[in-house]
Amino acid sequence: MSVPLAQSCKKGKNVPSHASDNLVRRVLAMKLKSSPAKTSARVVSFLILLAALVAIAANGQDKGTDPKAKGDSASKDVRLTIVVTAGEDKKPVDGASVYVRFVEERKLGKDKKVEMNLKTNQSGICHVPVLPPGKFAIQVIAEGWKTYGEYYDINQTEQTININLTRPPKWY
């Protein structure tokens, strides 16, 4: 009755030296046969991982380190001037509250809703700090005048919006 070599090694029986040499050769041959495949799979997975890290690092860096390029990206922003007048004679409104609302888009996470509260000067002029181009709402509130509100879509770099307020209807 012949017992397979692997079973006899497990049981701790004495195995002839030529049989153990034969077993070692078989195990090494199996490792050598599977080793190039495993090695090439490891190399390929390492190269894919390395390429992904390089791509992520390239996206994370500023594309325009040139000062001129930064000036170009700033020129995409909108500089807005709002002129508030009132009545039929279009007199400037001093101290009117001007609310500017817009949505600041983000690549990751939720978009951010931004609201600015500004006041007009004696000439009825209000300068809005830099805005991103797109859609935004303007609301004007002045004492003794009807509240004004409207949506605007602006893509120009500099824009002036003229707003004329009217008297509210009389209540009896």
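A few comments on the model shown:
- Within the range 129-142, being touching a residue at least 24 places away in the same chain (Cβ under 8 Å) and of a type outside the set (S, T, N, Q) holds for V130, L131, P132, P133, G134, K135, F136, A137, I138, V140, I141, A142.
- Tally of residues being among the charged types (D, E, K, R) and more than 27 Å from the chain's Cα centre (by Cα) across the range 141-166: 3
- Of the candidates E104, E115, the single residue that is at pLDDT 90 or above and closer than 18 Å to R79 by Cα is E115.
- Filtering K146, K110 for residues that are charged (D, E, K, R), farther than 21 Å from D77 by Cβ, in the same structural domain as V78 (by TED's automatic domain parsing) and modelled with pLDDT under 90 leaves a single hit, K110.
The values are calculated or read from the model by the stated rules, or taken from the named source; none is laboratory data. Because the structure is predicted, anything quoted here is derived from the model rather than measured. In this analysis, Cβ positions are derived from the backbone assuming ideal geometry, glycine residues included, and neighbour counts consider all displayed protein chains.
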